Amino acid sequence: MKNYSIARSRRLRSTPYTSRIEKQGVTAYTSYNHMLLPAAFGSLEDSYHHLKESVQVWDVAGERQVEISGKDSGKLVQLMTCRDLSKSKIGRCYYCPIIDDKAGLINDPVILKLAEERWWISIADSDVILFAKGLAIGNKFDVKIFEPNVDILAVQGPKSFKLMEKIFGKKITEMKFFGFDYFEFFGAKHLIARSGWSKQGGYEIYVENTKSGLALYDKLFEVGKEFNVKPGCPNLIERIESGLLSYGNDIDNDDNPLECGLDKYVNLDTNINFLGKEKLKEVREKGIIRRLKGVKIETKEIIVTQSIKIFDQKNVEIGELRSGVYSPHFEKVIGIAMIRKPYWDNSQSFKIQLNGKSFDGKVCDLPFI
Ligand code: THG
């Protein structure tokens with residue numbers, strides 16, 4: 001496939017780290033929340049192995065924050081998500097499906113409770129701020145909603161703990177998964193969470209002060225030398241193996257959270273109020289008729305730019321592939337697909353056409369590893 005460069009403009013926002021990563025050899029971008037998100041630094045496979053062995057620093061400023069504060073902020077945040085936040089705690093992150101009145105997914109952000117009446121919604125790629133503003137206006141909520149200047153730096157990989165300890169001290173290694181706390185650097189405080197869009201462990205630094213953020217960026221590479229630190233970005237191979245979902249790719253507004261295996265984050269039996277609750281109860285009662293699954297395909301290369309239909313041996317359409325990549329671990333293509341009932345059992349075999357050729361595949365569980 002021929003490669004085209006991405007045309008730059010004000011609408012496709014740069015991040016404070018863009019000039020850094022361009023010096024460091026970024027080779028592909030995607031767009032995320034109207035911002036540049038690095039998609040490759042050379043070989044995807046080399047980056048995958050490096051991420052699983054060492055430590056990487058990622059410019060994930062595209063994971064924008066929607067800040068909601070004010071007297072009705074808790075009510076509004078709860079209205080948007082089917083996850084029960086009534087017992088949520090300050091200093092914790094919560095992975096939360098955001099759904100509409102039809103229970104269709106709007107986004108799948110991480111929500112941070114900063115204070116009793118102040119929240120950050122760390123969004124995937126859709127305009128949550130407009131949805132939040134619409135709901136606030138319609139409900140006459142007493143809230144303030146805006147996009148603050150926060151540019152996340154992720155530090156991911158097994159050696160991220162040692163690297164971060166060298167800069168911030170032992171306390172940072174004691175933080176629990178999806179907890180956050182504040183750490184001083186260059187005269188500014190930084191909210192740092194133990195989270196990130198990989199399963200290799202690590203942190204996310206919510207940089208609010210660009211100057212200190214850039215100093216920290218450079219410090220991570222200086223101190224990280226002994227851990228073989230490299231620039232990186234969310235890795236397609238690692239994230240599919242780990243079953244981390246990508247909004248707009250694997251899931252979208254036509255899917256409900258139960259179809260997407262997000263059951264853990266759906267609370268229908270408490271007295272909270274959220275959009276789509278009755279609809280979701282209906283879905284639960286009737287049972288879902290399709291579900292997101294893993295697939296393995298007997299080929300070694302794939303580029304998914306649109307969903308690709310999947311057929312059983314009798315040529316019945318049983319679902320669609322939504323993401324896919326060659327996995328060096330399985331030595332074949334793995335992917336994420338929406339599969340119709342009753343074809344979603346593991347080991348269901350199927351056929352898929354790629355570039356005019358038919359390949360065999362099998363349905364399996366998510367995550368792969
Ligand atoms: N970090 C932050 N913001 C984000 C992402 C992130 N916004 C966009 C995107 N990623 C949102 N999507 C996800 C998807 C999965 C997870 C986080 C954000 C995730 N899931 C874990 C899992 O599935 O095992 C843990 C969830 C849990 O148990 O609570 O981490 O990465 N700031």
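Bear in mind these aren't lab numbers, they're just calculated from the coordinates by the rules spelled out. Bear in mind the structure is a predicted one, so any value in this text is a computation, not a measurement. Cβ sites come from the backbone with ideal geometry, for glycine too, and all protein chains shown count toward neighbours.
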> If you plug each phi of segment 298-315 into the Karplus form 6.51 cos²θ - 1.76 cosθ + 1.60 with θ = phi - 60°, what whole-Hz ³J(HN,Hα) values come out, in order, with x for Gly and Pro?
Replying inline: 7, 8, 10, 8, 6, 10, 9, 10, 7, 5, 10, 5, 10, 10, 7, 5, 9, 6
>> My understanding is that a pair violates if its Cα-Cα distance is over 32 Å; which of LYS75/LYS166; LYS171/LYS300; LYS75/LYS230; LYS102/LYS293 do that in this structure?
In response: LYS75/LYS166; LYS171/LYS300; LYS75/LYS230
> Based on DSSP H runs of at least 4 residues, each adding -39500 (n - 2.57), what is the mean residue ellipticity at 222 nm of the chain after dividing by all its residues, to the nearest 500 deg cm²/dmol?
Replying inline: -5500 deg cm²/dmol
> For segment 1-122, what is the convex hull (Cα atoms) projected area averaged across all directions, in square nanometres?
Replying inline: 10.8
> HN-Hα J couplings of segment 139-150 from phi, Karplus 6.51/-1.76/1.60, θ = phi - 60°, integer Hz, Gly and Pro as x?
Replying inline: 9, 6, 6, 8, 9, 10, 10, 7, 9, x, 7, 10
> Using a Gaussian network for the chain with springs between C-alpha atoms less than 10 Å apart, which of these wobbles most: MET175, MET338, MET80?
Replying inline: MET175
>> Please list 3J(HN,Hα) in residue order for segment 6-19, calculated via the Karplus relation 6.51 cos²θ - 1.76 cosθ + 1.60 where θ = phi - 60°; whole Hz, with x for glycine and proline.
In response: 9, 6, 8, 7, 4, 5, 9, 5, 7, 10, x, 9, 3, 5
>> Tell me the net charge near ILE289. Cut-off is 9 Å between Cβ atoms, ILE289 excluded, with +1 for each Lys or Arg and -1 for each Asp or Glu.
In response: +4
> Amide H neighbours of VAL304 under 5 Å, counting only residues 5+ apart in sequence or on other chains, H built in-plane at 1.01 Å?
Replying inline: GLY324
>> Kirkwood Rh over alpha-carbon pairs of the chain, then Stokes-Einstein at 25 °C and 0.890 mPa s: what D in µm² s⁻¹, rounded to an integer?
In response: 114
> Using modelled backbone amide H atoms (1.01 Å from N, in-plane), which distant-in-sequence or interchain residues come within less than 5 Å of ASP255's amide H?
Replying inline: LEU105
> Sequence-distant or interchain residues sharing an amide H contact under 5 Å with VAL333, placed H: which?
Replying inline: ILE297, THR299, SER327
